[in-house]
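Take a look at the structure below.
Rule-based calculations on the coordinates, nothing more; no lab input. Note that the structure is predicted; figures quoted are calculated from it, not measured. Note that each Cβ is placed from the backbone with ideal geometry, even for glycine, and that neighbours are counted across all protein chains shown.
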Amino acid sequence: MKSLKRETPKSERSGFTLIELLVVIAIIAVLIALIVPAVQAARESARTAQCKNTLRQFGQAMHAFATADPQNRFCTGAYDFRRDGCPDTWGWVADIVNSGAGSPQKMLCPSSTLRGSEKLNDMIGAVNTSNKDGAPINRLTDGRCNAWTASNAGQPVRVGMVMQLLEDGFGTNYASSWYLVRSGAQTDAAGQTLSKLKGFQGTNGPLTQRRLEASKLSPQIVPFLGCGAPGDISEAVLSHDLPGYDLAAGDRLAESFNDGPARWDGSKVALMPAGTLKIGAIPLQLPSTNLAGAPGPDGFLWLQDTRDWYAWHGAGEGAHCNILMADGSVRAIADTNGDKFLNPGFPVTGNGHGYIDGTVELSKGDCYSGPFLGEDAIRKGNFE
């Protein structure tokens, strides 16, 4: 007898139609578009928290160093071989490593793409980033730098020595404030600055507890360290491979510290020259709505050149730079105009070589950026 079982037509068989498949793909794409930014934001939030925690540890180490130091200095100088001395002996990085408080090379700003300082080039010896304002000769030959000679500059043996420094923690991509490593300007009897103020010579040297307290400034607004900006293209491109440290020849490197007092001269940010009358450069105590402060008696608004810090964290309106303050706190300073730099109030027009306009991001109430630390009231000149 013939079977009465009815065969199911092919058109009635289960399966996805092309339209259904496209709908599923579209839904997955939408979910990915929603999830990926959230994951990236979560990762950046974690990196920001890690950066802040690192800066707090550095702050604690600096205060501990000041307590033990006979001169009550917060550090022995900048991370700058040619200006301050051998990086395993001199500078805030050396202080932290040698005191056992941490390993800065292993505590880099995690959001920065710059995995080392431009001063690595000075150490290797093939590229000179600071041939002015040199450190005292004895500092250049201290520690391991005693083995660095003109004949081994740029050679494998010298590169190996630099790699060992990094292995032992003597590296960073954070940039210090001018206040922390220079603190103030030395002057002659007439009250004029003796030299340019980026180098160790002609300044008061590293900041001390006494000088900070005498400034009458709240330590909550005196900056110590921030996320380092890319260095100048002529100096801050690594000359040699440093295998194992995420550093290859051609990589961009970070700045070491802020350059010091400067003013907008109409076309650029110009550093304070030797022979500047210090009292004339001190801002006047006048009622002012200017977030940057008021010009001093010389008519110029002298501020700190802060282009060595960079807003690595966040994006868009949320972009910011983490800055360690003298009290150990960390402030997230927003980059409000999108240039990644933090302007203390230079009235920039046109090409500010980093700053794109005069937007004040380092307001005087949040982060002090005056030319000198709290010397506004010291105005006595020659009375006799």
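About its Cα centre, the stretch 128-190 has a charge dipole of approximately 100 debye under the convention of +1 per Lys or Arg Cβ and -1 per Asp or Glu Cβ, with nothing else charged. Between 273, 253, 332, the Cα set farthest toward the positive side of the dipole of the chain (charges on each charged residue's Cβ, about the Cα centre) is that of 332. Of 52/196; 278/364; 52/216; 52/198; 106/216; 216/268, which sit over 29 Å apart, Cα to Cα? In this structure, 52/196; 106/216; 216/268 lie more than 29 Å apart at Cα.
Sites listed here are trypsin sites (Lys or Arg not before Pro) in the stretch 312-366 whose DSSP assignment is loop and whose Cβ has at most 14 other Cβ atoms within 10 Å, and the list is empty. For the stretch 200-307, the list of trypsin sites (Lys or Arg not before Pro) that fall in a loop by DSSP and count at most 12 other C-beta atoms within 10 angstrom reads 216. If only the Cβ of Lys and Arg carry +1 and only the Cβ of Asp and Glu carry -1, the dipole of the chain around its Cα centre is close to 860 debye.
Site-free segments of the chain were taken between chymotrypsin sites (Phe, Trp or Tyr not before Pro) in DSSP loops having at most 14 other Cβ atoms within 10 Å, sites themselves excluded; the longest one is 17-382.
Dipole of the stretch 68-206 computed with +1 at Lys/Arg Cβ and -1 at Asp/Glu Cβ about the Cα centre; of 91, 154, 169, farthest Cα towards the positive end is 154.
In summary, the convex hull built on the alpha carbon positions of the chain has an orientation-averaged projected area of 29.7 nm². Modelled spin-label separation between residue 27 and residue 214, with each label point placed 7 Å from Cα along the Cα-to-Cβ direction: 7.3 nm. Between the listed residues 299, 110, 218, the Cα displaced farthest toward the positive end of the dipole of the chain, a dipole computed from Cβ unit charges relative to the Cα centre, is found at 110.
Note on residue 249/residue 53: beta-carbon distance plugged into 1/(1 + (r/R0)^6) with R0 of 30 Å gives a FRET efficiency of 0.40.
Between residue 164 and residue 149, the simple spin-label model (points 7 angstrom out along Cα→Cβ) gives 1.6 nm.
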